[in-house]
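Just so it is clear, none of the values below were taken in a lab; they were calculated from the coordinates. Note that this is a predicted model, so its numbers are computed, not measured. All Cβ positions, glycine included, derive from the backbone under ideal geometry; neighbour counts span all protein chains shown.
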Amino acid sequence: MNRAIASKLLAYADIAYPLIPLRHKYLITQLARRDVLARYKGSVLGLGWGLLFPLLILMAYTFVFRTVFKAKWPGGGDSTTEFALQVFTGLVVFNLFSDLLNRAPRLILEQPNLVKRVVFPLEILPWVALCSGVFHASLGLIVLLLALVSVGPGLTPWAMATPLIFMAMVPTLLGVAWLLSALGVFVRDVSHATGPAVTMLMFMSPVLYPAEALPSHMRGLLWLNPLTLPIENLRNVLLKNLPPQWDGLAIYTLVGMLFAYLAYRFFNRLKPAFSDEV
């Protein structure tokens, strides 16, 4: 009886391991820290680029769409500040997803010394990339919160729910990383395709416009985009003082967990052949 219970617990632990890698948490933390520091090694501003880059992107989009195209936020006023805050909120989510999407196909290829080590758990590399991406997204989020306090409407009570929205994204992000990192080893074109894919994703996501701006017959397709729900919910809690869509986030998380588990199994199926290709 005890053996049966123990075997079931081991089976459940094996299923939960991809999303809760407690046995490798120290290694993930150290590699993520090294990854963040390596990105800014030798630069004068260092981590300051993590704060400056999203601001530069925001200034560029605000100038083009507000000054050149005279656009205003659908359903909102004619304020440039409101337009910038709406776009920046979408960019925080989009930048996290696009950063991981761009890096995923090369995660294994860029670590040939780790691939040759039989004992190294290659499946944690997507976790390392995700932690690095979350760090930079947090810098962008800090800038956004400061802007809301200084020039925006201030923080809403529902802003406390912001971490839950990003937690709901974790399974989907991991699934994308496991899938693309495994495919990138054998199909090198994947790394070249992610650049155009990110550009298309920018305009197919509600970053520069709200979901309500699309015609009703196209709105359903937009909600199939994995970025739509997080972006719209982040705007709800930070800008509109509305609660998150709890049922939508719950379904989004469960679907993401299923996708992540299948992608993890796919990654493990291909992992034995990595050393022959790298």
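Using a Gaussian network model of the chain whose springs link C-alpha atoms within less than 10 Å, name the residue from D247, D189, D99 with the highest mean-square fluctuation.
Of the options given, D247 has the highest mean-square fluctuation.
Can you compute the modelled spin-label distance between D78 and V64, with each label point 7 Å from Cα toward Cβ, in nm?
2.4 nm
Residue-wise, which Karplus ³J(HN,Hα) couplings in Hz belong to region 161-168, taking 6.51 cos²θ - 1.76 cosθ + 1.60, θ = phi - 60°, and x for glycine or proline?
7, 4, x, 5, 5, 6, 5, 5
How far, in degrees from 0 to 90, does helix 48-62 lean away from the longest principal axis of the Cα atoms of the chain, to the nearest 10?
Orientation of helix 48-62: about 50 degrees from the principal axis.
Could you give the alpha-carbon Rg of region 175-271 over 2.2 N^0.38 Å, rounded to two decimals? Working shown, then result.
Working: Rg = 16.0 Å, N = 97, 2.2 N^0.38 = 12.5 Å.
So the Cα radius of gyration is 1.28 times the expected 2.2 N^0.38 Å.
Among 182-188, 218-224, how do they line up by average Cβ neighbours within 10 Å per residue, starting with the highest?
On the way: 182-188: 18.9, 218-224: 11.9.
So the peptides 182-188, 218-224, ranked by packing, come out 182-188, 218-224.
Take every Cα-Cα distance within region 58-101, group them into 5 Å bins from 0 onward, and report for each bin the whole-number percent of pairs it holds.
Going out from 0 Å in 5 Å bins, region 58-101 shows 5, 23, 29, 20, 12, 8, 2 percent.
With a Förster radius of 51 Å, plug the Cβ-Cβ distance of L114 and V151 into 1/(1 + (r/R0)^6) and report the FRET value to the nearest 0.05.
On the way: r = 45 Å, r/R0 = 0.89.
Computed FRET efficiency for L114 and V151: 0.65.
Determine which lysines satisfy two conditions relative to K70: a Cα distance under 27 Å, and not lying fewer than 8 residues away in the same chain.
K70 reaches K240.
Using the scaling law 2.2 N^0.38 Å as the reference, what is the normalised Cα Rg of region 79-219? Write down the numbers at each step before the final one.
Values: Rg = 17.7 Å, N = 141, 2.2 N^0.38 = 14.4 Å.
So the Cα radius of gyration is 1.22 times the expected 2.2 N^0.38 Å.
Of the residues Y264, Y252, Y40, which exhibits the maximal mean-square fluctuation in a Gaussian network model of the chain defined by a 10 Å Cα contact cut-off?
Its mean-square fluctuation being the largest, the pick is Y40.
If you take Cα extents along the principal axes in Å from the coordinates, which of [x] 64, 50, 35; [y] 43, 42, 35; [z] 101, 41, 37 do you get?
After the calculation, the listed value that fits is [x].
Provide the per-residue ³J(HN,Hα) series for region 224-232, in order, calculated from phi with Karplus coefficients 6.51, -1.76, 1.60 and θ = phi - 60°, each as a whole number of Hz, with x at glycine and proline positions.
Computed from phi, the couplings for region 224-232 are 7, 5, x, 8, 4, 4, x, 5, 5 Hz.
Taking the Cα atoms only, what angle lies between the long axis of helix 125-150 and the longest principal axis of the chain, rounded to 10 degrees?
Tilt relative to the chain: about 20 degrees.
Obtain the nm distance between the two label points defined at A71 and L254 by a simple spin-label model: each point lies 7 Å from its Cα along the Cα-to-C-beta direction.
In this crude spin-label approximation the distance works out to 3.6 nm.
Which value in nm describes the separation of the simple spin-label points at S216 and R33, placed 7 Å from the Cα toward the beta carbon?
It works out to 5.5 nm between the two label points.
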